[in-house]
Structure formats: C-alpha cells, structure tokens
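Below is one structure, written out as structure tokens; the observations come after it.
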Amino acid sequence: AEAQAQRWFAFMKATFPDVGAGDRITGRWWPDQGKVSLQFNDAAPRELTDADFGPRFFGIWLAPHTSEPELRNRLLGLS
C-alpha cells in the first residue's frame with residue numbers, strides 16, 4: 001500500500017540518508033516481534049515495527065530468489 005511504502009521510505013531516508021564507500025549499515029530483525037533495527041555507521045539505531053518490512057528488506061540479500069545468490073550463500077555461511 002502507498003501509505004506503507006511512504007512510511008518505509010521515510011524510515012530508510014532518516015536512518016541512512018547518504019550511503020557511500022566505507023559506510024556501514026547494521027541491521028537486526030526480530031521476526032516474532034515484527035521489528036527491525038537499523039544503524040548507520042556509529043549513529044544511534046533506529047527501529048521500525050512493521051511485520052512486512054523485515055522480510056522485504058532483508059530478503060534483498062537473504063531470500064532464495066535474491067539477485068545475488070553468491071552473496072546470500074556467504075552471508076548464510078553456505079560457501
């Protein structure tokens with residue numbers, strides 16, 4: 001839904017406004033709570049509670065259908 005997409009966009013824009021070489025984003029996901037915490041470099045972590053966000057955001061890298069299967073395997077310790 002459009003309202004949900006806008007909320008996600010605002011959260012991500014506020015969390016990591018300009019990502020460049022050497023920047024680090026640390027993410028944590030609590031599926032049972034529907035909560036995600038994202039931290040940009042050394043800034044305070046920001047949290048979002050939305051059961052749909054975590055699977056979609058982390059699925060970019062971790063879903064079986066990711067566009068980067070080799071990276072997925074490394075992240076999951078499969079290679």
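Data table
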| item | result |
| --- | --- |
| Förster radius 35 Å - calculated FRET efficiency between D42 and A1 (Cβ-Cβ, nearest 0.05) | 0.55 |
| Only Lys, Arg (+1) and Asp, Glu (-1) charged, at Cβ; the chain dipole about Cα centre in debye | 80 debye |
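Just so you know, all these numbers are worked out from the coordinates, no wet-lab data involved. Just so we're clear, the structure is a prediction, and the values are computed from it rather than from any experiment. Reconstructed Cβ throughout: ideal geometry from the backbone, glycine too, with neighbour counts over all protein chains shown.
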